[in-house]
1. Please arrange Val184, Val163 by how many other C-beta atoms lie within 10 Å of their C-beta, fewest to most.
2. Which of the three applies to region 192-369, rounded, prolate or oblate, going by the alpha-carbon gyration tensor with a ≥ b ≥ c and a/c under 1.5 meaning rounded?
3. With θ set to phi - 60° and the Karplus curve 6.51 cos²θ - 1.76 cosθ + 1.60, what are the ³J(HN,Hα) couplings of region 23-34 in order, to the nearest whole Hz, using x for Gly and Pro?
4. Please list, ordered by chain and number, the residues whose modelled amide H lies under 5 Å from the amide H of Lys71; skip anything fewer than 5 residues away on the same chain.
5. With the contact rule set at Cα under 8 Å and sequence spacing of 6 or more, what percent relative contact order holds for the chain?
6. Collect residues whose amide H, placed 1.01 Å from N in the peptide plane, falls under 5 Å from the amide H of His103; neighbours closer than 5 in sequence don't count.
7. Kindly express, to the nearest 10 degrees and within the range 0 to 90, the angle between helix 227-240's C-alpha long axis and the longest C-alpha principal axis of the chain.
8. Distance check, please: which entries in Lys14/Lys125; Lys46/Lys225; Lys113/Lys257; Lys147/Lys264; Lys35/Lys387; Lys236/Lys370 exceed 30 angstrom between their Cα atoms?
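Coordinate-derived values only; no laboratory data. Keep in mind it's a predicted model, so treat the numbers as computed, not measured. Cβ atoms come from the backbone with ideal geometry, glycine included; neighbour counts cover every protein chain shown.
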Amino acid sequence: MCYNRLMNNDEKRKIIGIDARFYGPVGKGLGRYTKEVVDRLIVIDKKNNYVIFLCEENFENFDDSQENVKKILVTARWYTFSEQIIMPFLIFREKIDLMHFPHFNVPLLCPSKFVVTIHDLILIKHPTERASTLGPVIYIIKNLAYKIVIKHAIRRSRKIIAVSYYTKNDIINHFKVGHEKIIVTYEGVAKLENNSIDNNDKIANLSYNNIKPFLLYVGNAYPHKNLEGFIEIFDKIHKEEPDLNLILVGRDDYFFKRVKDFAKKFKSIENRVVFPGYVADQELVWFFQNASAYVFPSLYEGFGLPPLEAMSYGCPVVSSNKTSMPEILGDAAIYFDPEKEEETVSSVLKILHNNKLREDLVVRGYRQVKRYSWNECAKKTYEVFNKELKNSK
């Protein structure tokens with residue numbers, strides 16, 4: 001752990017704790033949210049002290065040089081029994097006045113007041129053993145524990161931050177929470193170009209230039225992302241567009257390996273479905289800029305950040321019409337029902353064949369992403385903290 005001295009013991013300076021164990025690439029999409037918000041909060045807020053709880057994978061990557069910031073190493077992994085014991089102890093020891101949990105995994109015995117961010121209710125709305133590497137009995141037990149933890153987090157939290165109005169309404173309808181308790185703070189769109197590559201040497205060395213034209217997906221391969229379903233759709237699209245490739249970008253974990261195995265069943269497209277594995281931000285820019293279209297076939301999303309990132313680089317988007325996607329993408333995407341094969345095929349071919357439509361979507365996409373700012377997200381989060389600290393006096 002790091003023993004930075006926090007700023008003076010002035011009673012006006014409260015201590016805000018943030019569970020940032022997901023911070024950075026280790027936490028995938030949640031890691032992006034945690035990093036972007038935490039990095040900005042500690043700059044925006046000069047009134048309070050911050051204790052940032054990190055794990056071994058991201059501890060050294062977090063800059064705690066500010067005098068009002070202290071970082072703590074947590075050995076407990078998320079979603080484990082040990083976090084239920086270790087986190088309350090650390091929160092108590094650090095004399096935290098208000099905790100922020102950027103995810104639902106709030107310890108049942110949390111000793112401080114807290115705010116929780118709920119991104120979605122996927123494990124309640126779409127429970128499936130295929131979303132876990134656990135056996136059926138252990139999965140049932142863990143899913144029950146999840147329901148207990150999230151219900152506790154929602155009931156006991158001082159405020160709930162939701163990343164979309166869709167998620168807010170989901171929480172209200174499922175948990176019967178008053179709407180005034182839930183604050184919507186949209187996520188932002190990361191400036192990946194800050195880390196972009198100056199030339200295509202690295203890309204060429206990886207032979208990516210040989211895969212154009214291509215459809216692109218970036219994210220994880222959990223069942224609700226519907227990648228297996230879209231591979232079946234792509235087999236139909238390929239008959240109309242034999243030169244087209246499908247690139248599925250994401251960390252090579254258990255779920256992506258399962259999708260790879262599924263793709264091998266389709267011999268006609270076996271060499272057309274490409275899995276680059278994890279792609280760093282600077283390379284991701286190239287994929288967005290060179291894709292014929294970004295496809296998002298998901299069955300459930302609380303927000304859906306990757307298609308917005310695609311729009312920010314002039315990539316036209318064709319998306320599922322499920323859950324929060326129309327709210328987040330607005331009129332800047334072509335939509336399809338991912339459970340209707342003909343409609344999905346038609347929508348993808350439409351965006352590939354109609355240049356005027358593509359140009360129009362690119363313009364709309366640039367306009368749409370301006371609605372989303374990590375600075376605004378962090379600012380609204382800070383306002384939630386400030387209000388709760390004042391109310392606790």
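1. Details: Val184 14, Val163 24.
Neighbour counts put them in this order, fewest first: Val184, Val163.
2. On the way: a/c = 1.27, a/b = 1.00, b/c = 1.26.
Note, shape of region 192-369 comes out rounded.
3. Working through the residues one at a time gives 3, x, x, 4, x, 6, x, 5, x, 4, 4, 4 Hz.
4. Sorted by chain and number, the residues that satisfy this are Cys2, Asn4, Ile52.
5. Details: 675 pairs, mean separation 57.5, N = 393.
Answer for the chain is 15 percent.
6. Thr117
7. 20
8. Lys14/Lys125; Lys46/Lys225; Lys113/Lys257; Lys147/Lys264; Lys236/Lys370
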